[in-house]
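Shown next, in structure tokens, is the structure this report addresses.
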Amino acid sequence: MLDLILGGMLCFISTYIGITGKLYYDKRYRFLKDFVAFLQDLKDNMVYSKDNLISIADKFVQQNKGDICKALVLYKEILAKGENTEKNIKDIFDYKYLKKGERAFVNEFFLTLGTLDYDNQIAKVNLTMVQAEKLRDKAEKDSKTTGAVLSKLGLLAGIAIMLIMA
Amino acid sequence: MEEFIERLLPVSIFNELVSKCDISRLTEIRLRAQKPLYFAENGRYQKLLPEYIVSDQDIKSVLAVATKSSLYAYNSSILDGFISYDGGIRIGISGEGVIKNGNLSSIKNITSLCIRIPHYIDIKDVRINELINHFDNTLILSRPGLGKTTLLRYMIRHLSDEGFNILVLDERGELSGMSMGKENINLGECSDTVLGIPKLQAYASQVRSMRPDIIASDEIFGEKEVECILDCIRCGVKILATVHSGDPEILKKNSIYNKLLQYVRYIVLIKGIGNIDKIIDLRRG
């Protein structure tokens, strides 16, 4: 009986680890996907309506969901106070589900956002979008392959443990 | 006004300014990258601190506040050489031009800022009050920084309170200090402010729609604007304007401005903020 309970617990833990692994890849993909969507929105607003960053971020947050929106809400606050320092930007955009290089990439973008003249700002957004799309595609692939494998593996390992223990 | 200046400047600079001058008399602050900071109190320049050198970060910080961290959104204004900030504060800028297809496309690497702070000063000069009581087309002349705009504001307010409908062409937000639809500088009961519209467009459209008695314009410049003013005068509207010029004789020799002078009654020469040098009645000579 004790073996069965222990087997059940180990099965649960193994499945949980697998799902957590998948969640990591899913969240990473979702964030980068939303980041690309924000960049597109940003570019459209910069070129056509020339809105300021606070109102661009505000509109995006109202029309979208997800972790990037939570970060953008905080970003709006520091912009309004004129406190978009390196530290504050890092605190907001150092998203834990991104890889180290991806975090640095996102941080660097938001740090320079709004500080460049029109031509350079548009060029920067375009360049960032190209790179972000590549990262998003890679994250999507990772989520569909490695993430899916992890979740299935966790579940299978759990069942295997249960069977062995039984 | 002090709250706008406090918000705009880095804390260390603002605190130092507060300790060195009366903020209410501050007329200009000049930030130049890698050079000392100068400020003007009632038009007189002083160095803030001999050892204080303006950093690139100081300039970036002021620009970030002035543009709400959206420098790109101010490109057209930057191309005209200034950014308008709350309270009628105008920030003149200079930096490196970016030329695209032969035209100036944007300005990057901004290295100098000239922050001009608007003031309303009661001018206790009977000659100005006389001029207001017998108003006719008037030009206010002086070199830059001697208070043309300050006198213009004073005259707008008093003429407006006398019941004249005055159309204030405030392209840069400097005359009214208007922000978020609120006039931060009182321009009287009968003034209508046209904010942010290029003056050349405003002359034509607003004269027809607002039916002003007087049009007030700061820093008229060039043939096109003079032609617009002459059209307004032809329509029966009086003009009250400032011109960058230290000497009316130079103005008379200029073919463009000489055409305008044919219709101007008074020239006011000033020698300092709130300090009138003389008023020339061109009909009397």
> Helix-derived [θ] at 222 nm for the protein assembly as shown: sum -39500 (n - 2.57) over DSSP H runs of at least 4, divide by residue count, nearest 500?
Replying inline: -16000 deg cm²/dmol
> To the nearest Å, what is the center-to-center distance of segment B:6-51 and segment B:212-285, using C-alpha atoms only?
Replying inline: 33
>> If I model a spin label as a point 7 Å beyond the Cα along the Cα-Cβ vector, how far apart are those points for B:LYS124 and B:ARG143 in nm?
In response: 2.8
> Which Cα, out of A:ALA123, B:THR111, B:ALA64, lies furthest along the positive dipole direction of the protein assembly as shown (beta carbon charges, K/R +1, D/E -1)?
Replying inline: A:ALA123
> Semi-axes of segment B:8-131's equivalent ellipsoid from the Cα gyration tensor, sqrt of 5 times each eigenvalue, largest first, rounded to whole Å?
Replying inline: 28, 21, 12
>> If every alpha-carbon in the protein assembly as shown counts as one equal scatterer, what log10 I(q)/I(0) does Debye give at q = 0.11 1/Å?
In response: -0.94
> How big is chain A by Rg and Dmax over its Cα atoms, in Å?
Replying inline: 20.6, 71
> Mind checking which helices in chain A clear 27 Å along their axis (Cα) and have mean Kyte-Doolittle hydropathy of 0.0 or more, DSSP H runs only?
Replying inline: A:2-44
> Using a Gaussian network model of chain A with C-alpha springs under 10 Å, which one of A:ARG28, A:ARG103, A:ARG136 is most mobile by mean-square fluctuation?
Replying inline: A:ARG103
> Among the lysines, which have Cα under 22 Å from the Cα of B:LYS224 when same-chain residues fewer than 8 positions away are ignored?
Replying inline: B:LYS148, B:LYS199, B:LYS238, B:LYS252, B:LYS253, B:LYS259
> Given charges of +1 on the Cβ of Lys and Arg and -1 on the Cβ of Asp and Glu, with all other atoms neutral, how large is the dipole of the protein assembly as shown about its Cα centre, in debye to the nearest 20?
Replying inline: 1000
> Between B:ASN186 and B:GLU227, 0.36 nm times their residue separation minus their Cα-Cα distance comes to what?
Replying inline: 11.8 nm
>> Can I get the semi-axes of segment B:94-198's equivalent ellipsoid? Compute them from the C-alpha gyration tensor as square roots of 5 times the eigenvalues, in angstrom, largest first.
In response: 32, 16, 13
> How many nm is it between the label spots at B:CYS235 and B:ASP281, if each spot is 7 Å from the Cα in line with the beta carbon?
Replying inline: 3.0
>> Can you compute the FRET efficiency between A:THR20 and B:ASN109 using 1/(1 + (r/R0)^6), with r the Cβ-Cβ distance and R0 = 30 Å? Round to the nearest 0.05.
In response: 0.05
>> Return the Rg/Rh ratio of chain B with Cα-based radii and a Kirkwood Rh.
In response: 0.97
> What dipole magnitude, in Debye to the nearest 20, does segment A:1-121 give about its Cα centre under +1 on Lys/Arg Cβ and -1 on Asp/Glu Cβ?
Replying inline: 300
>> I'd like the accessible area for A:ASP34, computed on protein heavy atoms only with a 1.4 Å probe and all protein chains in place. Round to 10 Å², please.
In response: 20
>> With a 1.4 Å probe and all protein chains kept in place, how much accessible area does B:GLU3 have, in Å² rounded to the nearest 10?
In response: 120
> Given a Förster radius of 22 Å and the C-beta distance between B:HIS134 and B:GLN262 as r, what FRET efficiency does 1/(1 + (r/R0)^6) yield to the nearest 0.05?
Replying inline: 0.65
> Just going by the charge dipole of segment B:126-281, with Lys and Arg at +1 and Asp and Glu at -1 on Cβ, which of B:ILE166, B:TYR154, B:ASN258 is farthest out on the positive end?
Replying inline: B:ASN258
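The values are calculated or read from the model by the stated rules, or taken from the named source; none is laboratory data. Predicted, not measured: the structure shown is a model, and the values here were computed from it. Using ideal geometry, Cβ is built from the backbone for each residue, glycine included, and neighbour counts are taken over all protein chains shown. Protein only, heavy atoms only, side chains kept; ligands, DNA and RNA dropped before computing areas. Shrake-Rupley method; radii C 1.70, N 1.55, O 1.52, S 1.80 Å.
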